[in-house]
Ligand code: SIN
Ligand code: FE2
């Protein structure tokens, strides 16, 4: 085949389609990034560690201060776990369901969160909390800011696993127009700095079955709370 034959280029491209590509970074704000597929090489270690965390601190549906039961099931690991009840939103050292400290943050969780933060330009990320969100089809997270942390100097690192979801990334005012960012298994969103307090949420999860995780989406949200 001649070297200037275009069809050989096409064939080469298709031959490479199933070779693992380096993670692709998309910028969604001045200091906000989607790291496409960044968590994929970690899933073999993440999922068994997640199972251990959930055995100690199972998903549960929490109530908001306004009295609404969240459609998303929550758990946490790390020194501090985010909780909500009729009294308000806060971080606690003790899991209110079990009366025990939240499970330790698995080393693989911490390593992934730090690697993702660094990739997005945030060095020395030291999360003390990992909120674990469990979505089944129909579950949603309405637009909110993450502002129960003592300082906003550290970024948020948010890992998506399982079914795809539509992430809403808004501005600093609830009524600001939101970008719609589809998130897939293995994607990580990192936002911080000038974008740290931007509103965000998740549209109701669509029906589906993920080959590894089934009919669910799991999200890890790493934060420095204290
Ligand atoms: C959150 O804001 O806590 C969750 C975001 C997500 O599920 O991707
Ligand atoms: Fe959030």
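Sorting 92, 83 by the number of Cβ atoms found within 10 Å of their own Cβ, with the fewest placed first, yields 92, 83.
Considering the chain as a Gaussian network with a 10 Å cut-off on Cα pairs, which listed residue, 198, 90, 150, attains the greatest mean-square fluctuation? Its mean-square fluctuation being the largest, the pick is 150.
Between 153, 75, 175, the residue with the greatest mean-square fluctuation in the GNM of the chain (Cα pairs under 10 Å linked by springs) is 175. Of the three principal axes defined by the Cα atoms of the chain, the extents in descending order read 73, 38, 36 Å.
Computed from the alpha carbon atoms alone, the convex hull of the range 92-226 holds 121 Å³ per residue.
Based on C-alpha pairs under 8 angstrom that are at least 6 apart in sequence, the chain has a relative contact order of 23 percent. Residue order for 70, 105, fewest other beta carbons within 10 angstrom first, comes to 70, 105.
Between the helical axis of 6-15 and the longest alpha-carbon principal axis of the chain there is an angle of about 40 degrees. Relative to the longest principal axis of the Cα atoms of the chain, the long axis of helix 43-56 lies at roughly 10 degrees.
No lab work stands behind these numbers, since they all come straight from the coordinates. Computed from a predicted model, the values in this text were never measured in an experiment. No Cβ is skipped: glycine too gets one built from the backbone with ideal geometry, and neighbour counts run over all protein chains shown.
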